[in-house]
Amino acid sequence: MKPRAYITRRLPQAAMDIVIAACDTTFWDNDAAPVPRDVLLRAVADVDGVLALLTDRIDAGLLDAAPRLKVVANMAVGYDNVDLPALTARGVLLTNTPGVLTETTADLVWALILATSRRIVEGHRLIAAGGWTTWSPMFMVGQDVHGATLGIVGAGRIGTAVARRAVGFGMPILYHNRHPSANLEAQIGAIPGASIRYAPTLEELLVAADVVVVMVPLTPETRGMFGAREFALMKPTSVFVNASRGPVVRERELIEALKRGRPWAAGLDVFEVEPIGADHPLLALPNVVAVPHIGSATVATRTGMATMAATNLVAVLTGQPPPNPVNQV
Ligand code: DGY
């Protein structure tokens, strides 16, 4: 008898095929909309494994509905959608997709740094609205990126990849992490002309950086890490970029801070509650560039994440160690 698996969204066929070859597979046959909660709870009743997305809440309620469950393979590196202690307590393995999305997400961070600093979206909107009448000396002036100090909060894989790219822009790098990162310092230190320094406190980083990039996971410690106090410490010319998780930032306080012009601009891939609608107050601010949680959204990377999640799922369900376990059970 094959193990039974449920996939919570239609995935690229290569990933579907990996699961279908090894398991009796059912799935939510929609690639755009999340599976409704009641459908999900019914669907997991007799499955051994679930391939889930960050839009699915994997909690005690789901575990109650899935008594046979052995593994949840999350198609994301972050797993704040999962109640990990609840899974571990019930002997359910969690896997994630680290590494595969690092470079793609770092590219998107850079798109946000450049778009905010050089007012790219604002300029496009201005032309489209017929607002470009002439060239003038201080028209649409932004902030220099080259030579600016980059402050990275969270020195994991993606923070490191963001830092590597900064060397090409001649940017001194400051980073804050719970502990100094030997890996980050070795990678940047090996590049001729690069400069990197550890900031033992977040405050030290915020007052010195021209560009602040947040790349921390969402945990009880990082929830609400950026609020009015932190924004007030930043330079009036600073750019703030968040491509980690929305709830790391107290959004209402960010909106007020942006209205006051400190930070000078923000580039956001993630939001407190996703998706946001057209009436979200952040979108009314000219100094915001917002994109819909697309850090890892390239064809190659999303396909890679899906096949990685599928491989993890099938490994556990066929008695092999999964390549990317998060917990031990
Ligand atoms: C992740 O993997 O955690 C990302 O947010 C998805 O792009």
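The values are calculated or read from the model by the stated rules, or taken from the named source; none is laboratory data. Note that the structure is a prediction, hence the values are computed from the model and not measured. Virtual Cβ from ideal backbone geometry, glycine too; neighbours counted across all protein chains shown. Calculation scope for accessible area: heavy atoms of the full protein, side chains included, ligands and nucleic acids excluded. Shrake-Rupley method; radii C 1.70, N 1.55, O 1.52, S 1.80 Å.
Here are the numbers:
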{"read-out": "Ala166 vs. criteria open to solvent by 30 Å² or more (accessible area, probe 1.4 Å), in the same structural domain as Leu268 (by TED's automatic domain parsing) and within 23 Å of Arg262 (Cα to Cα)", "value": "no"}
{"read-out": "Pair list, Cβ < 8 Å and 6+ apart or interchain, from segment 193-208 residues that are farther than 9 Å from Gly151 by Cβ to residues that are at pLDDT below 95 and β-branched (Val, Ile, Thr)", "value": "none"}
{"read-out": "Residue match in segment 264-276 (condition: among the small types (Gly, Ala, Ser) and not in a strand (DSSP E or B))", "value": "no"}
{"read-out": "So Arg245, is it open to solvent by 10 Å² or more (accessible area, probe 1.4 Å), within 16 Å of the ligand (Cβ to nearest atom), of a type outside the set (A, V, I, L, M) and touching a Pro at 6+ places or on another chain (Cβ under 6 Å)", "value": "no"}
{"read-out": "Counted residues, segment 284-322 - those being in contact with a strand residue (DSSP E or B) (Cβ under 6 Å, 6 or more places away or on another chain) and farther than 22 Å from Asn74 by Cβ", "value": "4"}
{"read-out": "Single residue of Arg42, Arg90, Arg68 found to be open to solvent by 60 Å² or more (accessible area, probe 1.4 Å), out of contact with any helix residue (DSSP H, G or I) (no Cβ under 8 Å at 6 or more places or on another chain) and away from the ligand (no atom under 16 Å from the Cβ)", "value": "Arg68"}
{"read-out": "Glu256 being more than 22 Å from Gly142 (Cα to Cα) and of a type outside the set (S, T, N, Q)", "value": "no"}
{"read-out": "Residues satisfying the stated conditions in segment 281-297, i.e. away from the ligand (no atom under 16 Å from the Cβ), under 12 Å from Ala266 (Cβ atoms) and not in a loop (DSSP other than H, G, I, E, B)", "value": "Leu282, Leu283, Val288, Val289"}
{"read-out": "Which listed residue is in the same structural domain as Ala266 (by TED's automatic domain parsing) and in contact (Cβ under 8 Å) with a residue 24 or more places away in the chain, from Ala243, Ala186", "value": "Ala243"}
{"read-out": "Criterion (small (Gly, Ala, Ser) and open to solvent by 10 Å² or more (accessible area, probe 1.4 Å)) met by exactly one of Ala15, Ala5, Ala21", "value": "Ala21"}
{"read-out": "Checklist (1) within 25 Å of Leu202 (Cβ to Cβ); (2) more than 22 Å from the chain's Cα centre (by Cα); (3) among the aliphatic types (A, V, I, L, M) applied to Leu126, failing item", "value": "(1)"}
{"read-out": "Lone qualifier among Gly189, Gly193 - being open to solvent by 40 Å² or more (accessible area, probe 1.4 Å) and at positive phi", "value": "Gly193"}
